[in-house]
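Heads up: the structure comes next, in structure tokens.
Quick note: the coordinates plus some simple rules give every number you see, no bench work behind them. Bear in mind that the values here come from a model prediction, so they are computed numbers and not experimental data. For neighbour counting, all protein chains shown are included, and Cβ atoms are generated from backbone atoms with ideal geometry for every residue, glycine included.
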Amino acid sequence: MFYLCCMMIDNQTKSIIEKAWEDRSMLSLPETLNAIESVIKDLDNGILRVAQPHEDGWHVNEWVKKAVVLYFPLSQMKTIEVGPFEYHDKIPLKTNYAEKGVRVVPNAVARYGAFIANNTILMPSYVNIGAYVDEGTMIDTWATVGSCAQIGKGVHLSGGVGIGGVLEPLQAAPVIVEDHAFIGSRCIIVEGVRVEREAVLGANVVLTGSTKIIDVSGSDPVTLKGVVPARSVVIPGSYTKSFPAGDYQVPCAFIIGQRKASTDTKTSLNQALRDFNVAV
């Protein structure tokens, strides 16, 4: 009965959001305001997600993204004071970290509407609205997690990592980093790229939706785009491309092997990089 009740409430909220998306005059109605605010609250608490795993892959909840987009014009600019620091923004900051079991090092910032699970560590970093960060994950110094990005359990985002955000187009998938992946320093992952579970990216790997990801671990190269297969070890690379002005090197990423079974824990993860002479 409780499940059916929740489903009914979700469907009702979804219907209101969809109608308001098509008719912005509905944004003045109390029921629309309540629906949008309830979605942001549920995102903040991890009850709703912008994208979630299914048996056939990841499913994007476009209506939830619509609620996030609609939340911005409804929010007013306010001054936020945190000790000696002052901010001026539409979206409040996330709070109650001790209650949630999250370690937050100054000057880490997360916006309200981002879910950050128990036993997560935020070094001085940034997590945007709509993002989902699962338990046991480390967001290292100056790493950023963009709006609606999905970060799994036990992930390590090293220093300076940039995880791109996405709100529009609505059908676009967010960046997804699955459980126990390791993302090396200064990596950039954008445009809905999915890093599957336990993959390892060495320092400075840049992945966009059109970046070639070339598996060079076998006798013949295999080219992928948009997804790093599970347990892959990846380094930055380049390939030659011909232009009217001549032949030039274009960035890509190389899959050079697979993580060994002995490198499943964080304490031995660096060994996966050393095995292939990869920099963190």
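For every residue, the table says whether it meets (1) of a type in the set (A, V, I, L, M, F, W, C); (2) crowded, with 21+ Cβ neighbours inside 10 Å.
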{"residue": "212", "(1), (2)": "no, no"}
{"residue": "220", "(1), (2)": "no, no"}
{"residue": "232", "(1), (2)": "no, yes"}
{"residue": "254", "(1), (2)": "yes, yes"}
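Within the stretch 203-214, is even one residue charged (D, E, K, R) and touching a strand residue (DSSP E or B) at 6+ places or on another chain (Cβ under 6 Å)? If you could, list the steps in order and put the result at the bottom.
Going residue by residue through the stretch 203-214, those that are charged (D, E, K, R) are 212.
When the remaining residues are screened for being touching a strand residue (DSSP E or B) at 6+ places or on another chain (Cβ under 6 Å), the result is 212.
Within the stretch 203-214 (the criterion being charged (D, E, K, R) and touching a strand residue (DSSP E or B) at 6+ places or on another chain (Cβ under 6 Å)), the answer is yes, since at least one residue qualifies.
Any idea how many residues of the stretch 106-133 are within 12 Å of the chain's Cα centre (by Cα) and within 19 Å of residue 41 (Cβ to Cβ)?
Taking the stretch 106-133 as the starting set, the residues that turn out to be within 12 Å of the chain's Cα centre (by Cα) are 114-116, 126-133.
Subsequent filtering for residues that are within 19 Å of residue 41 (Cβ to Cβ) retains 114-116, 127-133.
Count: 10.
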